[in-house]
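Comments concern the structure below.
Rule-based calculations on the coordinates, nothing more; no lab input. Model, not experiment: these values are computed from the prediction. Cβ placement follows ideal geometry from the backbone for every residue including glycine, while neighbour counts extend to all protein chains displayed.
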Amino acid sequence: MKNLISTLSKIKVVPVITIDDADDAIPMSEALLEGGINVVEVTLRTEEAVKAAEKIKAECPDMIVGVGTIITTDQIDWCVDFGADFVVTPGTSRKLAEHLVETGIPAIPGISTAGEAVTLLEYGFDFQKFFPAQANGGIPALKAIGGPLPQIRFMPTGGVSKDLVRPYLDVPSVVAVGGSWVVDTKSLADKNWAQITRHAEIAVSL
């Protein structure tokens, strides 16, 4: 986890990917790498997501591959088997937290309340995903949750637009933010790799 936190603290913006065609996984990854971003979170929201994550891991050795929308222990086991670099959950039951601890895979478990944050801290998770960030009160809510829990660091995700990247990163407890705008739906559908590279460059500049 220390290596993951160190890496994300340098990258700052983690592209959150929803991919409908696994054949787009490699050119998309290459576009991100060209723009200066070497990490992705592939969400398990489509039928092609599993294949896409596996392709990136197998064919893009310079890319750090995370898998998001993890909601079952079987999904965790699959991530361990294919070699995912880290996993992300939208929310975290005790069953999921226990399995994450058992497998030892680097994980950013999701929380939306102070109670959930404390529960995950009991399992040893001091790096957590604040989700859905904007719908859940945004920066004021994150500061309110993190205030009495200074030992926890966060990756807010969900509604974090380009214009909100810098304000979130200015919160001391924030290591990085997740953003779907870097690989937006239209650019991906149009296979506009140059636009994705440009978005990555903008993210790096922020």
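If you go through segment 168-187 one residue at a time, how many are assigned to a helix (DSSP H, G or I) and surrounded by 21 or more Cβ atoms within 10 Å (Cβ to Cβ)?
Residues meeting the conditions: 1.
Looking only at segment 149-157, decide whether some residue is in contact with a helix residue (DSSP H, G or I) (Cβ under 6 Å, 6 or more places away or on another chain), crowded, with 21+ Cβ neighbours inside 10 Å and on the phi < 0 side of the Ramachandran plot.
Yes: segment 149-157 contains one or more residues that are in contact with a helix residue (DSSP H, G or I) (Cβ under 6 Å, 6 or more places away or on another chain), crowded, with 21+ Cβ neighbours inside 10 Å and on the phi < 0 side of the Ramachandran plot.
Can you pull out every residue in segment 97-141 that is among the hydrophobic types (A, V, I, L, M, F, W, C), in contact (Cβ under 8 Å) with a residue 12 or more places away in the chain and in a helix (DSSP H, G or I)?
ALA97, LEU100, VAL101, ALA114, ALA117, VAL118, LEU120, LEU121, ILE139
Out of all the residues in segment 149-167, is one or more hydroxyl-bearing (Ser, Thr, Tyr), in a helix (DSSP H, G or I) and under 18 Å from the mean Cα position of the chain (by Cα)?
No: zero hits.
Please enumerate the residues belonging to segment 21-62 that are part of a helix (DSSP H, G or I) and among the charged types (D, E, K, R).
Residues satisfying the conditions are ASP23, ASP24, GLU30, GLU34, LYS51, GLU54, LYS55, LYS57, GLU59.
Within segment 24-40, does at least one residue satisfy the condition of being among the charged types (D, E, K, R) and either within 19 Å of PHE127 (Cβ to Cβ) or without any contact (Cβ under 8 Å) to a residue 24 or more places away in the chain (or both)?
no
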